[in-house]
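Q: I have a structure I would like to understand better, so I am pasting it below and will then ask my questions one at a time.
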Amino acid sequence: MGHGAGQACNFFDMACRVYMVRISYEQKPYRRAIMQSFGAEVSSSPGDSTQAGRMILEQDPDSTGSLGIAISEAVEAAATSDGRYKYALGSVLNHVLMHQTVIGQECLQQMALADEYPDVVVGPVGGGSNFAGIALPFLRRNLREGQSTRLLGVEPAACPSLTRGTYAYDFGDTAGMTPLVKMYTLGHGFVPAPLHAGGLRYHGMASIICELYDQGLMEAQAVPQLETFEAALTFARSEGIIPAPEAAHGIAGAIREAQAAKEAGDERVILFNLCGHGHFDMSAYDAYLGGELTDYEYPQAAIERAMAELPQV
Ligand SMILES: Cc1ncc(COP(=O)(O)O)c(C=O)c1O
């Protein structure tokens with residue numbers, strides 16, 4: 001799912017078809033060019049090569065796409081390829097989250113080297129994989145060893161699945177081809193605003209993250225787009241690294257924590273995950289610096305409309 005896409009891959013000779021969300025296809029041309037450089041065939045989603053894509057275009061010829069639609073197209077391409085393609089998803093699924101825990105394992109060791117331990121661990125949440133990666137090893141310490149580190153996932157205000165979604169069974173994709181998953185969802189028909197953090201525009205969330213959130217074992221916050229880019233520039237100017245807009249959501253959450261600690265007069269050790277650089281997202285920075293970006297709140301009426309389409313279980 002990385003880079004706003006659903007992928008159907010033939011692992012044997014590495015032929016790869018990528019369905020890239022239309023708005024990301026347009027906003028992130030260099031990510032597309034990198035995939036093409038390595039031989040991937042990249043199409044803008046929704047497109048007319050699949051039944052799912054044609055159905056969406058019939059309803060809305062100007063659809064900017066969504067991760068849910070790209071997943072439908074990739075699943076359909078794999079399912080109708082007579083075994084030529086296998087479907088691969090880069091987030092959301094349990095094994096992907098487990099694989100990412102190498103991040104938190106390494107952080108435990110880095111923290112020990114620094115003779116510190118985090119009071120709070122922060123990361124952006126799209127499908128939930130990078131956040132789970134950094135947070136789960138610390139959750140284990142909380143549950144097994146009596147630590148009390150707070151775990152904070154940060155999502156965009158324009159795609160607030162944890163903070164404003166409903167915990168229910170829903171499809172992982174828009175056309176309803178995947179198995180049902182119990183998760184916080186904005187509805188599989190949700191089409192997010194074209195904010196510049198393609199990897200965070202997913203209607204649902206990894207089921208492990210949802211269960212932890214439901215049980216109060218982690219927290220979530222939603223941040224608006226402009227605060228995110230302001231945080232990204234503060235970080236770039238102090239650290240010399242330009243973060244991906246997705247990663248900048250985690251940075252905005254870390255800055256909020258630091259400000260709250262300052263106001264409360266607390267010492268607070270804050271660990272956050274810088275999950276990607278922004279070198280292929282410079283068109284987003286260009287738009288922000290040119291004053292062209294706006295905040296998007298997701299309207300309550302749209303959430304209610306999408307909720308009406310939840311499958312009855
Ligand atoms: C740089 C970056 N960070 C974060 C994400 C969000 O995904 P997840 O929440 O699964 O880590 C993406 C997804 O494409 C991404 O490209």
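Q: At a 1.4 Å probe radius, which order do Thr234, Thr80, Thr174 fall into by accessible area, largest first?
A: Ranked from most to least accessible, the order is Thr80, Thr234, Thr174.
Q: Keeping all protein chains in place and using 1.4 angstrom, which order do Ser66, Ser44 fall into by accessible surface area, from largest down?
A: So the residues, ranked largest to smallest area, are Ser44, Ser66.
Q: What ranking do 264-270, 46-52 get when scored by the average of other Cβ atoms within 10 Å per residue, highest first?
A: 46-52, 264-270
Q: In Å², what does the accessible area per residue of the chain work out to with a 1.4 Å probe?
A: On a per-residue basis, the chain sits at 46 Å².
Q: Looking at the chain only, what percent of DSSP beta bridges run antiparallel? Nearest 5 please.
A: Percent antiparallel among DSSP bridges in the chain is about 45.
Q: Points 7 angstrom from Cα along the Cβ direction at Glu230 and Tyr296: gap in nanometres?
A: 2.1
Q: Can you tell me the 0 to 90 degree angle between the C-alpha axis of helix 225-239 and the longest principal axis of the chain, rounded to 10?
A: 60
Q: Send over the semi-axes of the chain's equivalent ellipsoid, whole angstrom and largest first, taken as the square roots of 5 times the C-alpha gyration tensor eigenvalues.
A: Values for the chain, descending: 31, 21, 20 Å.
Q: Which aspartates and glutamates, if any, have their Cα less than 15 Å from the Cα of Lys28, not counting same-chain residues under 8 positions apart?
A: Cα-Cα hits under 15 Å: Glu246, Asp281, Asp286.
Q: Follow-up. If DNA, RNA and ligands are ignored and the probe is 1.4 Å, what is the ranking of Lys262, Lys28, Lys182 by accessible area, most exposed first?
A: Putting Lys262, Lys28, Lys182 in descending order of accessible area: Lys262, Lys182, Lys28.
Q: Percent of Cα-Cα pairs more than 20 Å apart in the stretch 170-313, please.
A: When every Cα pair of the stretch 170-313 is considered, 57 percent fall beyond 20 Å.
Q: Just the number, please: carbon plus sulfur as a percent of the accessible area of the stretch 34-116, 1.4 Å probe, no ligands or DNA/RNA counted.
A: That share works out to 52 percent.
The values are calculated or read from the model by the stated rules, or taken from the named source; none is laboratory data. All values derive from a computational prediction rather than experimental measurement. Counting neighbours? That spans all protein chains shown, and the Cβs are built from the backbone with ideal geometry, glycine included. All accessible areas refer to the heavy atoms of the entire protein, side chains included, with ligands and DNA or RNA removed. Shrake-Rupley method; radii C 1.70, N 1.55, O 1.52, S 1.80 Å.
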